[in-house]
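Structure, as structure tokens:
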Amino acid sequence: MENLKIPVTKRQLSLLKRIANCDDRRLDDLINLLFSTGLSYYFCERSICISKNDDEYTEEEIKQKALNDKLLLDNRKFHFQSDKEQKDQGYKYVDTTYDNYDRDNNFIEQLSDEFKNNALNEIKQDYKEIEENIIKENTPNLNQVKNND
């Protein structure tokens, strides 16, 4: 994973550490959760649209883009055809952007959830390790029990 850095004063860092402690969290987890929530709120009424990078297309989308390009090259009147005629030839729209216009496919909300899940997964892993250590500490070692008898 990559890391982000933000400049903070000693006072700000101290306050954030105390807030995390008061909320029974590690500072890193609190920052992930705050960033996640802030990203979501910042773009809840602010539209954004960014282009996809080439490596962000699925195999299916890559194949469909190639087919779409071929259909456009082979038929100069393709754009004058009805949607049904285009679809009958195999054309399907491939989205080349990420945006937050569609409530069901809002990439900002998805990204925000990913940040939140990063923090929650770390917390779950920590709890699992703590639980395993508690079980180890509370399980008597049979060799020691035999030697004490």
Might you check whether a residue that is β-branched (V, I, T) and within 21 Å of N118 (Cα to Cα) occurs anywhere in the range 36-53?
-> yes
Inspect the range 73-80 for any residue being at pLDDT below 90, out of contact with any helix residue (DSSP H, G or I) (no Cβ under 7 Å at 6 or more places or on another chain) and among the polar types (S, T, N, Q) and give the result as yes or no.
-> no
When you scan the range 11-109 for helices (runs of 4 or more DSSP H) that lie fully inside it, which ones turn up with 3 or more residues that are surrounded by 11 or more Cβ atoms within 10 Å (Cβ to Cβ) and within 21 Å of the chain's Cα centre (by Cα)?
-> 27-42
Does N32 satisfy the condition of being of a type in the set (S, T, N, Q) and over 30 Å from K87 (Cβ atoms)?
-> yes
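The values are calculated or read from the model by the stated rules, or taken from the named source; none is laboratory data. Owing to the predicted nature of the structure, the values given are computational and were not obtained by experimental measurement. Using ideal geometry, Cβ is built from the backbone for each residue, glycine included, and neighbour counts are taken over all protein chains shown.
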